[in-house]
Amino acid sequence: MKSVIVTGASTGIGWGICKILTRQGFRVLGSVRKAADGARLQAEFGANFIPLVFDITDIAAVQAGAREARTLLAGEPLFALVNNAGIAVPGPLLYLGIEDFRHQIEVNLTGQLIVTQAFAPLMDKGGRIVMMSSVGGSSGTPFVGAYNASKFALEGLSEALRRELMLLGIDVIIIAPGAVATPIWDKGDAMDTAPFVNTPYAAPLNAMRKFMLESGHNGLPPERLGQLVYKALTTAHPRTKYVMTPDRLRYLALRWLPKRFVDRLVAKMLGLLPKD
C-alpha cells in the first residue's frame, strides 16, 4: 500500500483529498492541529487514515511528525507529499498589519518548505510532491494581496524545487484551484472590516466580502480537487501544473486580457474607481 502525507487534512480541500485517496487504496497520513480532528477523520475514513498532529509552521513539531511517519512506514518509502495546508488573510495592503502579512507568508510559504524538508527525505525515486496553489497564484485580487503574494511565491518555489529534485527522481506538481466550497472562503462572512472602516476601502471591502461568499458557495466540491490530486499522483506523465476552476472563462479572461482593461473591470465591480 502506497503512503501519502496530506497537510491541512481536517477540512476543505484537505478533507476532500483524504476522502478520495483513502477510497482509492492509499494509506493517508493526514496532518491536523488538533487530536480531536484526527480522531474524527479516522472514524470517517477508516484504517487507511492515520493522523499526524502538528502545525506546519512549528519546525520541531513537523520534524517529530516526520519521525513518526518514518516509524509507521517501517522501511517503506513515502510515495507522495501533498502540501495543502493554507490560510487566507484579507485586507487592503496599505492598511494590513505587518504581523498579519508575515503570518500569511509563514503559513502559505515557509510552512510548505518546512514540511517538504522534513518529509522529502522519506521518498525514493519516483516520489511526487503536490503543491496546492491557487488561480490567485497567477492573478492578483484586491484585498487578498497577501494571499496572492504567498501563492505567487509558492509557484516560484515549486518550479525551482522541481528542477532541483530531478537529481533525486522526485517530481513536483502544482495544482491551482479556483473557488472551492471550503471554510477558507466562508470566513468571508465573518471578515473583520472594523480595522478598515475609516479608510477609503470600507465600501469596496463589503463588496469583496459578498463576492467571496458567492464564489465559495458556488465553488467546486472538495472531492473534485481530491480526484485531481489522485490523477496527479497516478498518471504516468503528469503536467507540471493543473488548473481547476468552476469559471474557466473568467480565469482565462483575467489571465490573457490586457492588464489595464482587467484593472478597470475589477475596480468597477468592487467600487474602486476614483470619484470624479
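What the table shows:
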item: Residue identified as without any contact (Cβ under 8 Å) to a residue 60 or more places away in the chain and more than 26 Å from Pro258 (Cβ to Cβ) among Gly140, Gly169, Gly145, Gly156; result: Gly169
item: Members of segment 152-175 found to be in contact with a Ser or Thr (Cβ under 8 Å, 6 or more places away or on another chain) and open to solvent by 40 Å² or more (accessible area, probe 1.4 Å), listed by number; result: Phe152, Glu159
item: In segment 121-137, residue nearest to Ala61 (Cα to Cα) [restricted to those that are free of Cβ contacts under 8 Å to residues at least 60 places away in the same chain and open to solvent by 20 Å² or more (accessible area, probe 1.4 Å)]; result: Pro121
item: Matching residues in segment 45-68 - criterion: being of a type in the set (A, V, I, L, M, F, W, C) and either assigned to a strand (DSSP E or B) or farther than 17 Å from Ile17 by Cβ (or both); result: Ala47, Phe49, Ile50, Leu52, Val53, Phe54, Ile59, Ala60, Ala61, Val62, Ala64, Ala66
item: Unmet requirement for Ala149, which otherwise passes all of (1) within 22 Å of Gly97 (Cα to Cα); (2) at pLDDT below 95; result: (2)
item: Test: residue in segment 74-97 that is assigned to a helix (DSSP H, G or I) and open to solvent by 60 Å² or more (accessible area, probe 1.4 Å); result: no
item: Top-ranked residue of segment 1-17 - restricted to ones that are of a type in the set (A, V, I, L, M, F, W, C) and farther than 18 Å from Ala66 by Cα, ranked as surrounded by the most Cβ atoms within 10 Å (Cβ to Cβ); result: Ile17
item: Helices (runs of 4 or more DSSP H) fully within segment 187-266 counting 2 or more residues that are closer than 23 Å to Pro142 by Cβ and open to solvent by 50 Å² or more (accessible area, probe 1.4 Å); result: 202-217, 248-256
item: Enumeration of residues in segment 21-44 that are assigned to a helix (DSSP H, G or I), in contact with a Leu (Cβ under 9 Å, 6 or more places away or on another chain) and buried (at least 22 other Cβ atoms within 10 Å of the Cβ); result: Leu21
item: Contacts under 7 angstrom Cβ, first residue in segment 197-226 being more than 24 Å from Val243 (Cα to Cα), partner polar (S, T, N, Q) and surrounded by fewer than 19 Cβ atoms within 10 Å (Cβ to Cβ), 6 or more apart; result: Ala202/Thr193; Leu205/Thr193; Asn206/Thr193
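Conditions tested, residue by residue: (1) in a helix (DSSP H, G or I); (2) within 15 Å of the chain's Cα centre (by Cα); (3) more than 19 Å from Tyr230 (Cα to Cα).
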| position | (1), (2), (3) |
| --- | --- |
| Glu99 | yes, no, yes |
| Glu106 | yes, yes, yes |
| Leu113 | yes, yes, yes |
| Ala118 | yes, no, yes |
| Gly127 | no, no, no |
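The values are calculated or read from the model by the stated rules, or taken from the named source; none is laboratory data. All values reported here derive from a predicted model rather than from experimental measurement. Using ideal geometry, Cβ is built from the backbone for each residue, glycine included, and neighbour counts are taken over all protein chains shown. Side chains are part of the model used for accessible areas, which takes the heavy atoms of the whole protein and leaves out ligands, DNA and RNA. Shrake-Rupley method; radii C 1.70, N 1.55, O 1.52, S 1.80 Å.
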